[in-house]
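Have a look at the structure below, then the notes.
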Amino acid sequence: MKKIFSLCILLLCFFSKAKADHITGGEIFYTYSSGLSGSVTYNVTFKLFMRCHSNRRFNDPTIVSIFDKGTNARFKDITVALSSSETISMNTPDPCISNPPEVCFVVGYYNFTITLPSTSTGYVLASQVNYRIAGINNLLGGYSNIGATYTAEIPGTGQVAQASDNSSARFVGSDLVAVCANNRFTYSFAASDNDGDNLRYSFCEAYRSGGGGNMVSATPPPPFESVPYGNNYNGGSPLGDKVHIDPATGLITGTAPGAGVYVVTVCVEELRNGIVIARQRKDLQINVAPCNIAAALLQPDYMLCKTTKTIFLKNLSTSPLIRTYFWELSDRAGRPIYGSSTETINYTFPDTGTYFIKLVINRGEACTDSTQSLVRVYPGFAPAYSFNGICFKKPTVFKDLTTTVYGRVDSWSWSFGSTVQSPTFTFPDMGVKNVQLIATNTVGCRDTVTKELNIVDKPPLNLAFKDTLICIGDPVTMRVQATGNLSWTPINSNSPSPTVSPSVNTTYVVKLDDNGCLNSDSVLVRVTDHVELTVMADTMICRGDTIQLRIKSDGFNYSWLPANQVIDPTRPNPFVVTTNPLTTYTVTANIGSCTDTKSINVSTVPYPFAYAGRDTIICFNSIAHLSGATDGSSINWSPSGDLNNPRILNPVVTPSNTTTYVLSAGDTKGCPKPGIDSVTVTVLPDIVAFAGRDTSVIVNQPLQLTASGGSDYLWTPDFGLSSTKIANPVALFNEINNAVRYRVQVYNEVGCIDSAFITVKIFNTGPTVFVPTAFSPNSDGRNDLLRPIAVGIKQIEFFRIFNRWGQLVYTTSTNGKGWDGTINGVPQATTVYVWMVKAIDYNDKPYFQKGTVTLIK
């Protein structure tokens, strides 16, 4: 039982490896082996391509299905083991390709022999894999779970005599081809045929798989479903309209599309005695790489058929391996008319005609290449057309309006498939249609025009208005925009703009007939003998304000007086501005010859007078007195948070920063809005007075004092100072004094004041660095640091401390900065240390001293 269970697991593993997103292509081919007693034997090869380095394996085994070609009925399914595999790669890429892609496949072969009964219809061999890779560029965006089906056909005896003895055509072209995006390329899908049949090649649709999920499964019967092409690609044009296949040789040539992966299927038909007996297929997912080929690459031809005779030319290859260029333009007789060695050229042809272009790159060097093209210079060719009829299921008539100055227009290709000059076409569904006309003329010009048509179920019928009001006896013109035949009721008119003058309310119906496509609409004309006009009540406003005058009316036109005080005197509800004590505004409304006039009185009252006073500046953390004035009956200051009383004219304010105070004044004279004025109290920044750090000097040593924080300064006492009214006086002491304490008063630009102090100790010695003989770093705040105290010294170059083993334990170059008695954060025991100091005195003379110090615990 355990053996059977193990075998089941093994088979499940074999048949569950069908997730083939690493498979990039495949084909099936066969050779005739023998025929005996109504049966035929073939040797068949199923060949699959897999990307290198995918770390995946081919299905082993796989399933090949056989179907009756005439009925599509399943004949049998064969389980086939993987026979062999090999790796093929392009080992020496073309040196003229920059950023060459890796071209490498692992190729798997399933070889097997089948014996089939002879039939008149033949057989179809098929095998499917799931799934193709995601992101294939020429398939519909967002597709998923798209597999592949590979097929081969075996002809029957009813097609051509002895057709069942056929050996299939076999593709023999090399698959080691580098294809670079937007560059020319060739790819051979040539095939050989052992029977000598004629071969005919074409692009054809790639087949998707018929289900099965991730399990290896038999292929569903024909017909096989195409993959979902998208992005303007299809089975007949899998690489775009710039790539073609030679039907006689199977050679694919052209300019590759943008970088990406494209599924390409080539069909080869085997013709015997002029009859197609079998069709074989090769399906590949071609990788178009973002590489560049050093090539001379031009368009097949250039058209100067519009308005200019000037052409701009550049090589379509942008390879960095291109170093030199040579351009030559010649006339139809081959006579050179222009040459250049620049990368691009801009040339104006002297006359009309057909000219030839030659481009050579890297002449006489590696990666040389050349190409030729032609340019047709026949300006004045203008494709154009008009159309009539846009109704669903009705014919649309197209009229060619193409004009040409040279030659004559000789072909027309319409996007709906017609080649008639002025065709008629019935669109099968509604919606926006982009109709393209490609026209040519007899001198070789070719150009395209595209227009947008909106196919609808009813023709457009646009009325200028659908409801209007007129004064009795007045005429009104109804206007309609439409294409086709119009008819109006109850009047008898076919005009797009009939004029009517009804005496009572009347509905006019217009009908449109555009080649049998119908639409209709109506206009209601209401009739009155007067204008309805109601105006707002008289009003009072603040002088200089804007007010909107309001009316209710069914009038069509309005006129206000006096016009110079009305912002738009033709609007029904205009805005007005007046400074007059009283203004009477008159409005006239009309409906044609029916009119009415009414008036509105607007009185104005001045705003209350408000004066907040002059702007002022105060010191930090001080007060200011506001002084306002008004003729109003009530006032209010804001913001009010730092005012002693916001409802008096002269409050006291204590702002912490610069503040603008607004005085609002009101009265009861009729203006409901307050008079407003403002005053700004600028608060100067707090003075940060600084006299410098306490210091020490010796007798007769000049000391530069430096104060900061304001704009004016006053030093006291004046002992030893060069000046008392500057920020940076020089102090010079020529007599002994233990210490001098200076006070500096610092003023800002408005006289605000603050003070600072500095103490200067004076020693009657030469320049010296004082170092104590002992210190006690016990954190009691007394003698916790060993530090140098310099007097008469301009600069300490170093102050160093060494232990008894000569190890440097501390160094500094800052006066007054010292050692805390620790090494790497570890407090040291009581012992003796050596110190050294090197400095420059105030006379720029060197100073050196050393000594010992005891650390006391």
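Consider segment 324-353 and keep the residues that are under 29 Å from residue 98 (Cβ atoms) and among the acidic types (Asp, Glu). The one that is surrounded by the most Cβ atoms within 10 Å (Cβ to Cβ) is 328. Against the list (1) open to solvent by 70 Å² or more (accessible area, probe 1.4 Å); (2) farther than 30 Å from residue 575 by Cα; (3) over 53 Å from the mean Cα position of the chain (by Cα), the condition residue 500 fails is (1).
For segment 244-266, which positions are buried (at least 21 other Cβ atoms within 10 Å of the Cβ) and assigned to a strand (DSSP E or B)? Correct list: 245, 252, 262, 263, 264, 265, 266. Of the residues making up segment 386-421, those that are assigned to a loop (DSSP other than H, G, I, E, B), over 20 Å from residue 442 (Cα atoms) and either open to solvent by 50 Å² or more (accessible area, probe 1.4 Å) or not small (Gly, Ala, Ser) (or both) are 390, 392, 393, 394, 395, 415, 416, 417.
For residue 143, are the conditions met, namely being under 19 Å from residue 281 (Cα atoms), open to solvent by 10 Å² or more (accessible area, probe 1.4 Å) and either in contact with a Gly (Cβ under 6 Å, 6 or more places away or on another chain) or of a type in the set (Ser, Thr, Tyr) (or both)? Criteria not met by residue 143.
Of the numbered conditions (1) more than 30 Å from residue 555 (Cβ to Cβ); (2) hydrophobic (A, V, I, L, M, F, W, C); (3) assigned to a strand (DSSP E or B), residue 589 fails exactly one; give the number of that condition. All conditions are met except number (1).
Does residue 349 satisfy the criteria of being closer than 28 Å to residue 243 by Cβ and either out of contact with any Ser or Thr (no Cβ under 8 Å at 6 or more places or on another chain) or in contact (Cβ under 8 Å) with a residue 24 or more places away in the chain (or both)?
So residue 349 fails the test.
Right, residue 194: open to solvent by 40 Å² or more (accessible area, probe 1.4 Å), in a loop (DSSP other than H, G, I, E, B) and at pLDDT below 90 or not? Answer is no for this residue. Considering (1) open to solvent by less than 80 Å² (accessible area, probe 1.4 Å); (2) touching a residue at least 24 places away in the same chain (Cβ under 8 Å); (3) within 30 Å of residue 457 (Cβ to Cβ); (4) touching a Ser or Thr at 6+ places or on another chain (Cβ under 6 Å), the lone condition that residue 586 does not fulfil carries the number (3).
The number of residues in segment 354-377 being of a type in the set (D, E, K, R), in contact (Cβ under 8 Å) with a residue 40 or more places away in the chain and either open to solvent by 70 Å² or more (accessible area, probe 1.4 Å) or closer than 17 Å to residue 322 by Cβ (or both) comes to 2. Can residue 312 be described as under 22 Å from residue 95 (Cα atoms), part of a strand (DSSP E or B), open to solvent by 40 Å² or more (accessible area, probe 1.4 Å) and of a type in the set (Phe, Trp, Tyr)? Judged against the criteria, residue 312 is not a match.
Looking at segment 41-60, can you tell me whether even one residue there is buried (at least 20 other Cβ atoms within 10 Å of the Cβ) and among the basic types (Lys, Arg)? Checking segment 41-60: not a single residue is buried (at least 20 other Cβ atoms within 10 Å of the Cβ) and among the basic types (Lys, Arg). Whenever a residue of segment 686-705 is within 30 Å of residue 618 (Cβ to Cβ), its partners that are of a type in the set (S, T, N, Q) and assigned to a strand (DSSP E or B), lying with C-beta atoms within less than 7 angstrom and at least six residues away or across chains, give the pairs 689/755; 690/708.
The test for being aromatic (Phe, Trp, Tyr) and either modelled with pLDDT of 95 or more or part of a strand (DSSP E or B) (or both) does not hold for residue 607. Among the residues of this structure, residue 91 does not count as one that is exposed (fewer than 15 other Cβ atoms within 10 Å of the Cβ), within 37 Å of the chain's Cα centre (by Cα) and without any contact (Cβ under 8 Å) to a residue 24 or more places away in the chain. The residue that is farthest from residue 774 (Cα to Cα), among those in segment 818-836 that are among the aliphatic types (A, V, I, L, M) and open to solvent by less than 60 Å² (accessible area, probe 1.4 Å), is 823. Being surrounded by 14 or more Cβ atoms within 10 Å (Cβ to Cβ) and either at pLDDT below 95 or closer than 30 Å to residue 339 by Cβ (or both) is not true of residue 449.
Restricting attention to segment 124-140, the residues that are in contact with an Asp or Glu (Cβ under 9 Å, 6 or more places away or on another chain) and buried (at least 23 other Cβ atoms within 10 Å of the Cβ) add up to 4.
The values are calculated or read from the model by the stated rules, or taken from the named source; none is laboratory data. What you see is a predicted model, and the numbers here were worked out from it, not measured in a lab. Methodologically, a virtual Cβ is constructed for each residue, glycine included, from the backbone with ideal geometry; neighbour enumeration extends over all protein chains shown. The protein model used for the area step is the full one, side chains on, heavy atoms only, and it has no ligands, DNA or RNA in it. Shrake-Rupley method; radii C 1.70, N 1.55, O 1.52, S 1.80 Å.
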